[in-house]
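Here's the structure, in structure tokens; my notes come after.
The values are calculated or read from the model by the stated rules, or taken from the named source; none is laboratory data. Just so it is clear, the model here is predicted, and its values are computed rather than measured. Note: ideal-geometry Cβ built from the backbone for every residue, glycine included; neighbour counts use all protein chains shown. The accessibility values were calculated without ligands, DNA or RNA, using every heavy atom of the protein model including side chains. Shrake-Rupley method; radii C 1.70, N 1.55, O 1.52, S 1.80 Å.
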Amino acid sequence: MGSLLVWAALNATTPHRRLTNRPTRTAPLGPAPRAIVLFTHLRRCGGSFVEEALLKPHAKRLGSKPLLCKEGALARLQRLAHPLRRQFKRQLAEAPLVWRHCPFGAHELLGDERPYVYITMLRKPFSRMASWFAYCDKYSRDKCHTAPYQVHGGSKILNFYQARKRKYDSIEPSKLDTARNAPVINAQTFHPNWLEYALDDNYASRMVAGGAYHDAPVPVDGGAITTARQNLRTQYAFVGALERQRESLCVLSALLGVATPKASGDRLKGPTTHTKGNVPEDFREAFAAYVAQDDQLYAEALELLDAHVEAFPRCKS
């Protein structure tokens, strides 16, 4: 039976990083009353590799079916209508793992007796945004709800995000407020377009803060980073970074008590990058505000990863 390892060594060596008892306590993984892993899978941060190579196979070995978090459904858990809330509560009671793009907060739908563990992977914010652009440009027919748009000068990535920002800004504020506060009655696979554009703004902070910050207007206020940093420190048993993929996978594997999967390595930033070269300077200058909070969160993540690696010496590079 899979289990989480005791965090006493980490807590002893880094008392200022003490993790709360309930979400990180040692417990077998699996259906209730066993513990559930809540994976805050941030787009373009190597999360798909973690799911396919590590988390989902581990859940399968436990004989349990993971729960897919659809962006237009459970990912908007703060707005779920009561029938959907009841549905997801039933599903969460049986699942050993929630995978894909759920923000922080899914534990609110668990019973009081169910242990839970949050984990996540982050990435340098501008690199993540560049990877999202490259993915949309290569694989999405409508460029992730951005087409049609034309390149009028400057880098292609700059024009891509400017087009998305124009689409967001063109929506009347009253209509945005109505859409943001409307209950989610029918589960959808993907976010509505307005939320797709809003999530360009400090995406990682919105996801890790969860709650109202996930759907908040652009620009998201400074409370998002404060809440996100607090959540990382107190609610996440594991925080990795794609730029340090080998160390991250080693730590997570140690926590789960399984073999570490092979990966492409830190130099290539993992198997799912779709980025080449440096991020253009014109894009960096124009969208600096869109990564300001995420830069702080990424620095926090690296500190936590350092503490994790110290607890597992074999994971040191």
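Brief remarks follow.
- Ranked by the mean number of other Cβ atoms within 10 Å per residue, highest first, peptides 105-111, 175-181 order as 105-111, 175-181.
- Label zone at LEU110 (point 7 Å along Cα-to-Cβ), backbone N below 11 Å, segment 34-61: 34-39
- Angle of helix 223-235 to the longest C-alpha principal axis of the chain, folded into 0 to 90 degrees and rounded to 10: 20°.
- Most tightly packed first, judged by the mean number of other beta-carbon atoms within 10 Å of their residues, the peptides 142-149, 201-208 read 201-208, 142-149.
- Taking the chain and dividing mean pair separation by its residue count, relative contact order in percent (alpha carbons under 8 Å, at least six apart): 25
- Degrees between helix 245-256 axis and first principal axis of the chain (Cα, 0 to 90, nearest 10): 40
- For PHE238, the residues 5 or more places off, or on other chains, whose built amide H falls under 5 Å of its own are THR120.
- The relative contact order of segment 37-98, computed from alpha carbon pairs under 8 Å that lie at least 6 residues apart in sequence, is 49 percent.
- Descending semi-axes in Å of segment 134-247, equivalent ellipsoid built from Cα gyration tensor: 26, 21, 14
- Label-to-label distance, nm, for residues given as ALA81 and ALA288 (7 Å Cα→Cβ offset): 4.6
- A helix-only calculation puts the chain at -12500 deg cm²/dmol for mean residue ellipticity at 222 nm, using -39500 (n - 2.57) for each DSSP H run of at least four residues, averaged over all residues.
- Length-normalised contact order of segment 74-190 in % [C-alpha pairs under 8 Å, at least 6 apart]: 37
- Stretch gain in nm, segment ASP221-ARG166, where the contour uses 0.36 nm per residue and the Cα spacing is subtracted: 17.8 nm
- Taking the accessible area of the chain, probe 1.4 Å, and keeping the other protein chains in place, the carbon and sulfur fraction comes to 53%.
- Cβ screening of the chain for cysteine pairs under 4.7 Å finds these without a partner: CYS45.
- 0 to 90° range, to nearest 10: angle between helix 156-169 axis and the chain longest Cα axis: 80
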